[in-house]
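Chemist: If you scroll down you'll find the structure; I have some questions about it.
The values are calculated or read from the model by the stated rules, or taken from the named source; none is laboratory data. The structure displayed is predicted, hence computed values, not measured ones. Glycine also receives a Cβ, built like all others from the backbone with ideal geometry; neighbour counts cover every protein chain displayed. All accessible areas refer to the heavy atoms of the entire protein, side chains included, with ligands and DNA or RNA removed. Shrake-Rupley method; radii C 1.70, N 1.55, O 1.52, S 1.80 Å.
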Amino acid sequence: MTSDLAAIKIAPIADRAGQLLRNSLQDKLTPRGVPARARYRLDVRLTENRSDLVILKDSTSTFSKVRFVADFVLVDLTNGQPVNRGQAESTTTFNRVDSDFAILAAEKDARRRAADEIGEDIRLRLGLYFNRIRGT
């Protein structure tokens, strides 16, 4: 299964959140670098939503959540056909405080955590797929 995962080329994913997810996937699927001869290509479309929660009387928020939804397709490069597809999602939260810098740092961390969770979910799903087709 590890060799199957290492044979996946991860297509670029749009936006900064996509870069975070792609980096997470590369670390999890191909830790030794981009495969010289990829057998598969992983296409991912990522959407991100942020919403403020716990709205106070003065219309300020003290809590926010970040939600990522990733639709992914694994394509067999020998014939160009999709062989596996799925959807993974993650919701993370962060506190909003008086410091703008602290809010930016907390939001950045929440986005990184969401990307890591989705990357791990996709890795597990692909591992299950390869286990199933190998009959083990």
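Chemist: (1) without any contact (Cβ under 8 Å) to a residue 12 or more places away in the chain; (2) not in a helix (DSSP H, G or I): which one isn't true of A105, the others all being true?
Modeler: With (1) without any contact (Cβ under 8 Å) to a residue 12 or more places away in the chain; (2) not in a helix (DSSP H, G or I) applied to A105, the lone miss is (2).
Chemist: Something else: When you go through L53, L29, L104 one by one, which is the residue that is within 30 Å of R132 (Cβ to Cβ), out of contact with any His (no Cβ under 8 Å at 6 or more places or on another chain) and of a type in the set (A, V, I, L, M)?
Modeler: Of L53, L29, L104, the one residue that is within 30 Å of R132 (Cβ to Cβ), out of contact with any His (no Cβ under 8 Å at 6 or more places or on another chain) and of a type in the set (A, V, I, L, M) is L29.
Chemist: Could we say that R132 is among the charged types (D, E, K, R) and part of a strand (DSSP E or B) here?
Modeler: In short, no.
Chemist: I would also like to ask the following. Being of a type in the set (A, V, I, L, M, F, W, C) and out of contact with any Ser or Thr (no Cβ under 6 Å at 6 or more places or on another chain) is the filter here; which residues of segment 105-136 pass it?
Modeler: Scanning segment 105-136 gives A105, A106, I122, L124, L126, L128, F130, I133.
Chemist: Within segment 8-25, count every residue that is more than 18 Å from R85 (Cβ to Cβ) and crowded, with 16+ Cβ neighbours inside 10 Å.
Modeler: 4
Chemist: Something else now. Filter segment 31-52 for residues that are open to solvent by less than 50 Å² (accessible area, probe 1.4 Å) and modelled with pLDDT of 90 or more and give the result.
Modeler: A38, Y40, L42, D43, V44, L46
Chemist: In addition: Going through segment 88-119 one residue at a time, which ones are open to solvent by 60 Å² or more (accessible area, probe 1.4 Å) and either hydrophobic (A, V, I, L, M, F, W, C) or under 10 Å from the mean Cα position of the chain (by Cα) (or both)?
Modeler: Residues satisfying the conditions are E89, V97, F101, L104, R112, R113, E117.
Chemist: Kindly establish whether F130 is buried (at least 18 other Cβ atoms within 10 Å of the Cβ) and more than 10 Å from L21 (Cα to Cα).
Modeler: So F130 passes the test.
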